[in-house]
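Here's the structure we're looking at; comments come further down.
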Amino acid sequence: MKVLFDTSVLVAALVTDLKNHEVSQDCLLQYTTSPNEGFCTSHALAECYATLTVLPLKRRIQPTEAATLISESLLSQLNVLEIQSNLYPEAIQRVSRLGLVSGIVYDAIHLITAESTGCERLYTYNLRHFHTLNPQQIEISAP
């Protein structure tokens, strides 16, 4: 099964202090080993870095630690999908047709990239956002 991971699941899989850590980590491990294929978008990597470095933890994750976590725990397991430039207008059209505003366009970019790549499932903790985007031929789930 081809699975795309949203930033919300990736961050939870990396940070042991987060409540969804174990289930997220298990899901990531399950869907990044054969016969499954795990994916994330290139933009999700940037979102992971941004989120990891500002999480309100007892001990903040330092920039070099965030880079190492991404490199060793994500890049070593996931196939990274470059977001094709023709998908941006498609994402903007989808959110505008649905009357949606603001940052949901980023979720639309992840979803449309997953759809265009033939992913069968997208794992996220932002279920409402992704369901609002009217996904086509892809299952939206939380781990």
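Residue by residue through region 1-17, note down the ones that are over 10 Å from the mean Cα position of the chain (by Cα), in contact (Cβ under 8 Å) with a residue 12 or more places away in the chain and under 21 Å from GLU65 (Cβ atoms).
ALA12, ALA13, LEU14, VAL15, ASP17 - these are the residues of region 1-17 that are over 10 Å from the mean Cα position of the chain (by Cα), in contact (Cβ under 8 Å) with a residue 12 or more places away in the chain and under 21 Å from GLU65 (Cβ atoms).
Considering only region 4-48, how many residues are under 19 Å from LEU81 (Cβ atoms), crowded, with 18+ Cβ neighbours inside 10 Å and among the hydroxyl-bearing types (Ser, Thr, Tyr)?
Residues meeting the conditions: 5.
Restricting to region 31-42, give me the number of residues that are within 14 Å of the chain's Cα centre (by Cα) and either modelled with pLDDT under 95 or of a type in the set (Val, Ile, Thr) (or both).
The total comes to 2.
Using beta carbons and a limit of 8 Å, which pairs, at least six apart or on different chains, have the first residue in region 82-98 and in contact (Cβ under 8 Å) with a residue 12 or more places away in the chain and at negative phi and the second one assigned to a loop (DSSP other than H, G, I, E, B) and exposed (fewer than 13 other Cβ atoms within 10 Å of the Cβ)?
ARG94/ASN134; VAL95/VAL101; LEU98/ASN134
Report yes if some residue within region 56-63 is under 17 Å from the mean Cα position of the chain (by Cα) and either under 20 Å from ALA142 (Cα atoms) or surrounded by fewer than 18 Cβ atoms within 10 Å (Cβ to Cβ) (or both); otherwise report no. Quick ask: steps written out before the conclusion?
The initial filter retains those residues of region 56-63 that are under 17 Å from the mean Cα position of the chain (by Cα), namely none.
Among the residues of region 56-63, not one is under 17 Å from the mean Cα position of the chain (by Cα) and either under 20 Å from ALA142 (Cα atoms) or surrounded by fewer than 18 Cβ atoms within 10 Å (Cβ to Cβ) (or both), which makes the answer no.
If GLU82 passes every condition in (1) over 21 Å from LEU14 (Cβ atoms); (2) touching a Ser or Thr at 6+ places or on another chain (Cβ under 8 Å); (3) surrounded by 14 or more Cβ atoms within 10 Å (Cβ to Cβ); (4) charged (D, E, K, R) but one, which one does it miss?
(3)
Please tell me if ALA114 is within 15 Å of LEU10 (Cβ to Cβ), in contact with a Lys or Arg (Cβ under 9 Å, 6 or more places away or on another chain) and surrounded by 12 or more Cβ atoms within 10 Å (Cβ to Cβ).
Working: within 15 Å of LEU10 (Cβ to Cβ): yes; in contact with a Lys or Arg (Cβ under 9 Å, 6 or more places away or on another chain): yes; surrounded by 12 or more Cβ atoms within 10 Å (Cβ to Cβ): yes.
Here the answer is yes, as ALA114 does meet what is asked.
Filter region 93-132 for residues that are in a loop (DSSP other than H, G, I, E, B) and closer than 12 Å to ASP6 by Cβ and give the result.
Within region 93-132, CYS119, THR124, TYR125, ASN126 qualify.
Would a scan of region 103-114 turn up a residue that is under 23 Å from LEU127 (Cβ atoms) and in contact with a Pro (Cβ under 8 Å, 6 or more places away or on another chain)?
Start the filter on region 103-114 by keeping residues that are under 23 Å from LEU127 (Cβ atoms), which leaves 103-114.
In the following step, the residues that additionally are in contact with a Pro (Cβ under 8 Å, 6 or more places away or on another chain) were identified as 111.
Yes, there is a match, as at least one residue in region 103-114 is under 23 Å from LEU127 (Cβ atoms) and in contact with a Pro (Cβ under 8 Å, 6 or more places away or on another chain).
Is there a residue in region 112-121 that is within 15 Å of HIS43 (Cβ to Cβ), in contact (Cβ under 8 Å) with a residue 40 or more places away in the chain and of a type in the set (Ser, Thr, Tyr)?
yes
The values are calculated or read from the model by the stated rules, or taken from the named source; none is laboratory data. Because the structure is predicted, anything quoted here is derived from the model rather than measured. Counting neighbours? That spans all protein chains shown, and the Cβs are built from the backbone with ideal geometry, glycine included.
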